[in-house]
Each structure stands twice: as structure tokens, then as C-alpha cells.
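*Asks:* My structure is below; once you've seen it, I'll send some questions.
We did not get these values from a lab; they are worked out from the coordinates using the rules stated. All values reported here derive from a predicted model rather than from experimental measurement. Neighbour counts run over all protein chains shown; Cβ positions are idealised from the backbone, glycine included.
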């Protein structure tokens, strides 16, 4: 299953997990960097696409902004 939004094409990005020495010290130092992955919050939603309800994988920022209309449960 791909971890990609069908609306805005948001997908995982990569960065570093930075561990530091000296919690409350004057000079905090970087001890190590290790790779990590930032994954988007993808939800599987029944939405109306071209007049027909379909199951779509959408990120929560697209749901919150109203880019996707959910299919009503009564219909």
C-alpha cells in the first residue's frame, strides 16, 4: 500500500533524528544523527469522485481544508 495522498500527492519525506548532549547546559552539543522518515497522516475515506462514491486515500490536511467531500452515510 502506497503512503501517498490522492489529492495533493503528499508522500513520505526523509530527515535526521538528532540526539544532543547536555539538556540544560550552556553549550548543547550534537552527539549523533541517524536517519528517520516523516510519514503523512493518510486516511482511507469514501468520497464522491465524478459523481460516484469511491474509496480514496487522503491526508488529514486535505480533509480538514475541505478539498474532499465525504459521501454521506444516509445515502
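*Asks:* Only helical DSSP H runs with n ≥ 4 go in: add -39500 (n - 2.57) per run for the chain, normalise by residue count and round the 222 nm mean residue ellipticity to 500 deg cm²/dmol.
*Replies:* Working: 1 runs with 6 residues, N = 75.
The helix-only estimate for the chain comes to -2000 deg cm²/dmol at 222 nm.
*Asks:* So how do 6-19, 58-71, 23-36 stack up, highest first, on mean other-Cβ count within 10 Å?
*Replies:* Details: 6-19: 12.2, 58-71: 15.1, 23-36: 8.4.
Ranking, from highest mean packing down: 58-71, 6-19, 23-36.
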